[in-house]
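The numbers here are math on the coordinates, done by the rules we state, and not lab data. This structure is a prediction, so every number in the text was calculated from the model and none was measured. Counting neighbours? That spans all protein chains shown, and the Cβs are built from the backbone with ideal geometry, glycine included.
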Amino acid sequence: MTKNFVNQIDRLLKISKKILLVEHDPVKRGSLERFLKQQKHEVEVAKDGMTASEKINTGTYDLFIIDRSLPYNDAMTLYRSIKNKNLKTPVVFIVDQEDDEVFFSIKYDSFEKDFGRIMRTVTEQSLQSKEQENRKEPEVYKIGGFTLDPRKRVLRYKDGDSVKLTPKETKLLKLLIMHNNKLVHKNTLQKKVWYNDENVSFGSMNVYISRLRKLLKKDKNVNITNVYKTGFKISG
């Protein structure tokens, strides 16, 4: 990471954000709203997906914070609506436990402690996305007989068989393919896939690696190897 890139992140973190907080529990909603305002952010609140959608249709925001446990699966419906509108606004989910369907998440009971970290990560990812758009990132990545479409999160084999990946599986496989035949260190994976979550263990990562190995076994020339407590390497 260049010094200029770090400086951009630091500068953006000092700018007040207009945040839409979507939380159905009134006690939690009030607590989170107070905390965010104490951090000098402008905050609007919504108690459900319908109210949030109305606000999104009439206003602009720098960040969405959404309770993953909204009733009737409203959280994911709202998330898909945001993406269908092609909004570039980052979305952070409040979760009770790690959720593989979402990219950015933060637990309610550690929200105040982890908010700064997740904001730095969201800001960094947004800058990286802009840089990737400028570099015209490849539409697909290839390894052996496989192609990975990170936008659609689809892994396809040469015989036409395909499988839908989770967000973390997609990011993990993409990162490994980008460093074909090179070690990808655990710290890099924590940063790029698990968003600087230092509590993610090597064993937890290996659960995802095992899943990818099963998906890649059609091509015997494609292998993912473990480097003990250090990282992983793909070859093919």
Counting helices only, and only those DSSP H runs with n ≥ 4, report the 222 nm mean residue ellipticity of the chain as the sum of -39,500 (n - 2.57) divided by its residues, in deg cm²/dmol to the nearest 500. -14000 deg cm²/dmol
For Cα pairs less than 8 Å apart in space and 6+ apart in sequence, what is the mean separation divided by the residue count of the chain, i.e. the relative contact order in percent? 13 percent
Are there any helices in the chain, counted as whole DSSP H runs, that stretch 24 Å or more along their axis by Cα and score at least 0.5 on average by Kyte-Doolittle, and if so which? none
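Please work out the FRET efficiency for the pair residue 6 and residue 81, using the Cβ-Cβ distance as r and a Förster radius of 35 Å; give the result to the nearest 0.05.
Calculated transfer efficiency: 0.55.
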Can you find, among 92, 2, 200, the residue sitting farthest towards the positive end of the charge dipole of the chain, where Lys and Arg contribute +1 and Asp and Glu -1 at Cβ? 2
Selected from 145, 116, 203 as most flexible by GNM, with the chain as the system and alpha-carbon contacts under 10 Å: 203
